[in-house]
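The values are calculated or read from the model by the stated rules, or taken from the named source; none is laboratory data. Since the structure is predicted, the reported quantities are computational estimates derived from the model, not experimental observations. Cβ placement follows ideal geometry from the backbone for every residue including glycine, while neighbour counts extend to all protein chains displayed.
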Amino acid sequence: MRPEVEGAKRVVVKVGSSSLTDSKGQLDLARVAQFARELAALHDRGVRVVLVTSGAIAAALGPLGLRRRPRDLETQQAAAAVGQGLLVRAYSDAFAEHGVHVAQLLLTVEDVLRPKTYRNALNTISRLFRLGVVPIVNENDTVATHEIRFGDNDRLAALIAHLVRADALLLMSDVDGLYTAHPETPGASRIDRVDDISALEVDTSRVGSKVGTGGMRTKLLAADIATQAGVSVVLGNADDLGKALAGEDVGTFFPARRKRRPRRLLWLAFAAEPRGFLEVDEGAERALLSRHASLLAAGVREVRGTFAEGEPVEILGAGGRTIGRGFVGYSSADLTLELGRSNAEAGHRSLRPAVHRDHMMLTE
């Protein structure tokens, strides 16, 4: 059994497009009803549930007479506009059979990662929890541009799990879990548990189905994000959702690897585009990596780029290797004036850190 999942008080479940459609690519209302029944039962036990669902574009394939997921952006967005209404209506009707209300939230990954917008998403979801409503999140494909690509809902689900401080994330699709080789390879076996994703040596070349977009590689990225954020993950087949929620040994389990991080540091690690680069000397690099010290101006060799105080920067060590990211304590102009200067050399002024240790994430 997996007590981390069985005893979870907050759960995020992501369901892929292939698990919501029939052989013709049309929305399968029986599957929707199954998911609603299982999640409603979890909700009735007092567990706070967020459903991250794919399927908006897939739901429109039948009504629009499309044989497969469209390739061009305009048709994708048009299909999403048609399918989102069909999808949320199906979920709303299915959950209503169990006396549960649902709410639709259309987001992009950027909505969850930008400091100015993730707070609004968090406040909305928190209020829905208190009202006893199950939030249903889907990527807003009608306005997304480059965001419509492989695995967005997997990554979005991982970020939502961190946002709402979930205990467990279930990534459910048409695969039974992670295998030692491609699932069609003779002798390939399911991996029950993964403690270190970086040490995996498996074939992740399998792509998504004709109605979905995600492949195994995107699911591993999502599992990596979630486990680093203190959330345990199950990757499995949507047919086993009930068993997975009960903590049974289905799919592949990824235990949480560390304590929860502040939400702002999650944004720094997985989304922030650095506004500049700080190249540090060998002494500063050792201090950062061995003692997790703050980065002082005295240890900065070079400032690249133009940035304001408080903006994200990348920290470079020997050979230009990235060793971390952080929110800088100076503007680029001010920091340039303090390069290599210690507090003693600054005279009466006490120099603040170039990047404080509490505002920094180091690359493992």
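Check every one of the strands (runs of 3 or more DSSP E) wholly within the range 181-299 and list those with 2 or more residues that are within 30 Å of G324 (Cβ to Cβ), at pLDDT 85 or above and not assigned by TED's automatic domain parsing to the domain that holds T21.
Hits in the range 181-299: 276-280.
Which of the residues spanning the range 290-314 are closer than 16 Å to E338 by Cβ and of a type in the set (A, V, I, L, M, F, W, C)?
If the condition is that a residue be closer than 16 Å to E338 by Cβ and of a type in the set (A, V, I, L, M, F, W, C), then L295, L296, A297, A298, V300, V303, F307, A308, V313 are the ones that fit.
Would you pick out the residues in the range 1-50 that are under 22 Å from M216 (Cα atoms), free of Cβ contacts under 8 Å to residues at least 24 places away in the same chain and in contact with a strand residue (DSSP E or B) (Cβ under 7 Å, 6 or more places away or on another chain)?
Result: no residue meets the conditions.
Test L337 against the stated conditions and say whether it is among the aliphatic types (A, V, I, L, M), surrounded by fewer than 18 Cβ atoms within 10 Å (Cβ to Cβ) and either in the same structural domain as I197 (by TED's automatic domain parsing) or modelled with pLDDT of 85 or more (or both).
The answer is yes for L337.
Restricted to the range 21-41, and to residues that are under 24 Å from the mean Cα position of the chain (by Cα) and among the aliphatic types (A, V, I, L, M), which residue is farthest from L128 (Cα to Cα)?
Per the criteria, the residue is V32.
I'd like to check something: does the range 48-64 contain any residue that is surrounded by fewer than 19 Cβ atoms within 10 Å (Cβ to Cβ) and among the basic types (K, R)?
no
Does T322 count as touching a Ser or Thr at 6+ places or on another chain (Cβ under 7 Å) and closer than 24 Å to I197 by Cα?
Working: touching a Ser or Thr at 6+ places or on another chain (Cβ under 7 Å): yes; closer than 24 Å to I197 by Cα: yes.
Judged against the criteria, T322 is a match.
Only residues that are among the small types (G, A, S) and free of Cβ contacts under 8 Å to residues at least 40 places away in the same chain: list them for the range 84-94, please.
If the condition is that a residue be among the small types (G, A, S) and free of Cβ contacts under 8 Å to residues at least 40 places away in the same chain, then G85, S92 are the ones that fit.
Counting only residues that are in a helix (DSSP H, G or I) and either polar (S, T, N, Q) or not assigned by TED's automatic domain parsing to the domain that holds L107 (or both), which one in the range 42-80 is farthest from L131 (Cα to Cα)? Don't jump to the end; show me each part of the working.
Step one: list which residues in the range 42-80 are in a helix (DSSP H, G or I), which gives 42-44, 56-61, 73-80.
Applying the additional criterion that residues be either polar (S, T, N, Q) or not assigned by TED's automatic domain parsing to the domain that holds L107 (or both) yields 75-77.
Working: T75: 36, Q76: 34, Q77: 32 Å.
This residue is T75.
Counting just the residues of the range 6-17 that are crowded, with 22+ Cβ neighbours inside 10 Å and not in a strand (DSSP E or B), which one comes out modelled with the highest pLDDT? Walk me through how you get there before you give the answer.
Kept after step one, since they are crowded, with 22+ Cβ neighbours inside 10 Å, are these residues of the range 6-17: 8, 11-17.
So of that shortlist, the ones also not in a strand (DSSP E or B) come out as 8, 16-17.
On the way: A8: 96, G16: 88, S17: 85.
Ranking the candidates gives A8 first.
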